[in-house]
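Report on one structure; see the data block that follows.
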Amino acid sequence: MPPSPDRTVDAADDEGRLIEKSRRGDAAAFTHLVSAHQGRVRAYIGGTVNRPEVVDDLAQEVFLSAFRSLETYKGEAPFGVWLLGIARHKTLMHLRHEVRRLARESRSLNLVLADLQVKVLEADEMLMARREREMAALQRCLERLPPQGAEMIAERYFRARSIADIAKASGKREGTVRMSLLRLRQVLRACVEQRLTKEQA
Amino acid sequence: MSDDRRTRLEELWARWLSAAPLEPGEQEELAAALADDEELRNEFLGDQRIEGALCALGRGASEDDAFARRFAERIAAERDGRRFVSAVERQLTAQVRASGRSRRAWLLLPAAAAIALGAVALRTRRPAPIAQAPATEEGAVRAPAPVTDLAPRPTTVARLDSASGALFLDGARQMEAAAGAPLPAGWGLMTVGPDSAAVLSFPDRTSLALGSDTALLQVGAGEGRGKEAFLARGQLTAEVTPQPPGRPLLLTTPQAQATVVGTRFTLTVDRHSTRLDVAQGGVRLGRVTGGPPTVVTASQYAVIADGNSQAVVRAQARGVALMLVGTLSLQYDDEWVKRRLEGLGYAVRVRGSGPPDLTELENVSVILVSSSVFSLDLHTQYRDVPVPVMVWEPSLYDDFGMTGPEENKGCGVAASVGEALIREPGHPMAAGLDGAVTVVTNGHDLHHVWMSYGTPGPAAAWVATWPGRPNRAVLFGYERGAPMPGLPAAPARRVGFFFYDDGRLHLTDAGWTLFDAAVTWAAGR
């Protein structure tokens, strides 16, 4: 259920207070903001970086940078969007570094992908608000998955079970499970696109 | 594109995204398709975005808490410099008031404040205040008189022989310090960054070499008094030519004062302790607040730490341990490890993630890589060093060639009950322990402690594993020359250890016993 207008105002108000406290150096207040926004930031970084521990490290760097430069946040954009801007910058820096490193090591597939992701992010400057909305749309779309598909998504992403474990439990081959997950993600992506298009209209 | 072709590429993509291995030919096939087909590219990159979002949504509350906690720890560590100064100020103020004996303590306050805050409010250049301790009578202490008008231009006391990432400090002002520049009396010198260093030379050829992230303040020398300075933090190695009678070199730290007539030594300062390693001659070391000094001679070291009433002197038996850490001010766990190593008799040097200094490594017995290191910064920089290495950052196991060979395969960190199952009780790293041993606790909740693990190759000694997960080694080691998954031969002993940094984490006695044994085995070559 979407939040009521009153609750939205309350949340924004709370966030405003936490930002003000953080500006005065209150790290505990900022940690609340970290808790509230880490999912979006991780999702954004994870959308281009395929290594969970790197996503984690980069997300930490994003929040550290945000904390250090909080004075520059003027409130023109929602705080979450501002954070995603920093996440974009950090991810871009990381990927550019990866491209240089991989070019030395000749890891062709990873190099091609890192290079592509750099280009995507370079073109992504104006899309921060859209990324915010994508996350919300994805949550709605998850609720509309058929039960069997929802269960598989839950097993893989919410219970963190390996492909091998899921395959064993369901009596399927690992390749089949991977392809099923790919199809489910395709469904989710189409659903997200549809919702965003509808919102825009 | 035919349906079969598309399905084939989707299968490859799905395998890559789930970190399943792809053959080189398969990688090339997928790479070529991505490079050539824009539609496919957009679809797969869009798929990766959904995958990333699902992973983020699927994180459990405990993982989210751990993330937020880790962030809070990093902020706390970043603020350590400022906290350290405030603590020193409070401590010194209290001690001076209580004892009424320390003449120098007041003078440390602006010095300490200058490092972290960079805001000592002395607008005009001042003479060296350490040298002008204004004690009117025994027991009476007052602050140095402010300089209100044009002070005489201070004389040069030393010159910079070499400098990298160095700054001169004159009160609140900071100026870039270049080799050959003179250092006026009362100024300070600070090195900033993991690769920074500077060497100061005095006219009598006494030299003070500052390591990285070191602050040496209020350097003074002049007629009628000896050289003196305040080492606020970091590491200083001194070669002191014999000083004139009655005018020794005085080096003050937040905890201690070293009185030097002529010798070679290294002084290391962190938030809670001062360590003196003497290579030649002798140095008198006492607490800054008074009390009888201790004489530390060649091949000995002494530590004055919070709570020690007097310097603890020990023989240098173990050589140098080099700790690679994420924050040079040391996060809690790194600090505990450093103290433990010092207790084992190591002289501990702390470095960030810069490239190895091969000259320095010639004198290093063992390198310890903390999980506070940002693995992306370190990468494979230390992989080939012919010095024993002990690592507890699992993301670096593959970079060191200890697991893998695919990136980040066979290594990780996970919540545990804090137990290790000793599989090779006869191995020296098992320290005589056997069976299931509780090695990590956070003091109150045994189900939320984090441990690193790896899946090393068959040539490794699998000393301890995760209970119930025999493919997860929590303590393992390679002999020098042993083949590893990512290297044909280990350049020196390599050890993976289960420790993982977390502000609330504690090794139990058994955990520390395994730590000691692992360090000792690694350094044993």
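The values are calculated or read from the model by the stated rules, or taken from the named source; none is laboratory data. Keep in mind the model is a prediction, meaning the values are calculated, not measured. No Cβ is skipped: glycine too gets one built from the backbone with ideal geometry, and neighbour counts run over all protein chains shown. Ligands, DNA and RNA are stripped out before the accessible areas are found, and what is left, the full protein with its side chains, is counted by its heavy atoms. Shrake-Rupley method; radii C 1.70, N 1.55, O 1.52, S 1.80 Å.
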For the range A:150-201, how many residues meet the condition of being farther than 23 Å from B:ASN42 by Cβ, more than 9 Å from chain B (Cβ to nearest Cβ) and not β-branched (Val, Ile, Thr)? 14
Could you give every pair whose Cβ atoms fall below 8 Å, whose first residue belongs to the range B:352-373 and is more than 26 Å from B:PHE498 (Cβ to Cβ) and without any contact (Cβ under 8 Å) to a residue 40 or more places away in the chain, and whose second residue is aliphatic (A, V, I, L, M) and open to solvent by less than 30 Å² (accessible area, probe 1.4 Å), counting only separations of at least 6 or pairs across chains? B:LEU358/B:VAL385; B:GLU360/B:LEU322
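Let's see how each residue does on (1) within 14 Å of the chain's Cα centre (by Cα); (2) modelled with pLDDT of 80 or more:
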| site | (1), (2) |
| --- | --- |
| A:ILE86 | yes, yes |
| A:MET93 | no, yes |
| A:GLU98 | no, no |
| A:GLU105 | no, no |
| A:VAL120 | no, yes |
| A:LEU142 | no, yes |
| A:LEU145 | no, yes |
| A:GLN148 | no, yes |
Please tell me if A:ALA114 is free of Cβ contacts under 8 Å to residues at least 60 places away in the same chain, under 21 Å from B:GLU10 (Cα atoms) and in the same structural domain as A:GLY47 (by TED's automatic domain parsing). yes
Could you list, in sequence order, the residues of the range B:8-32 that are more than 8 Å from every other protein chain (Cβ to nearest Cβ) and modelled with pLDDT of 90 or more? B:ARG8, B:LEU9, B:LEU12
Being at the interface with another protein chain (Cβ under 10 Å from one of its Cβ atoms), open to solvent by 20 Å² or more (accessible area, probe 1.4 Å), assigned to a helix (DSSP H, G or I) and out of contact with any Leu (no Cβ under 6 Å at 6 or more places or on another chain) narrows it down to one of A:GLU20, A:GLU61, A:GLU71, A:GLU98, so name that one. A:GLU61
Which of the numbered conditions does B:THR455 fail, given that it passes all the others? Conditions: (1) in contact with a Leu (Cβ under 9 Å, 6 or more places away or on another chain); (2) open to solvent by 10 Å² or more (accessible area, probe 1.4 Å). (1)
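May I ask you to verify whether B:VAL437 is over 25 Å from B:GLY326 (Cβ atoms), modelled with pLDDT of 85 or more, open to solvent by 10 Å² or more (accessible area, probe 1.4 Å) and not polar (S, T, N, Q)?
It is true that B:VAL437 is over 25 Å from B:GLY326 (Cβ atoms), modelled with pLDDT of 85 or more, open to solvent by 10 Å² or more (accessible area, probe 1.4 Å) and not polar (S, T, N, Q).
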Against the condition among the acidic types (Asp, Glu), out of contact with any Leu (no Cβ under 7 Å at 6 or more places or on another chain), more than 11 Å from chain B (Cβ to nearest Cβ) and under 23 Å from B:GLU43 (Cα atoms), how does A:GLU143 come out, does it pass? yes
Need a quick list: strands (runs of 3 or more DSSP E) entirely within the range B:331-397 having at least 3 residues that are modelled with pLDDT of 85 or more and open to solvent by less than 10 Å² (accessible area, probe 1.4 Å). B:364-369, B:389-391
Within the range B:253-273, does at least one residue satisfy the condition of being surrounded by fewer than 21 Cβ atoms within 10 Å (Cβ to Cβ), at positive phi and in contact (Cβ under 8 Å) with a residue 24 or more places away in the chain? no
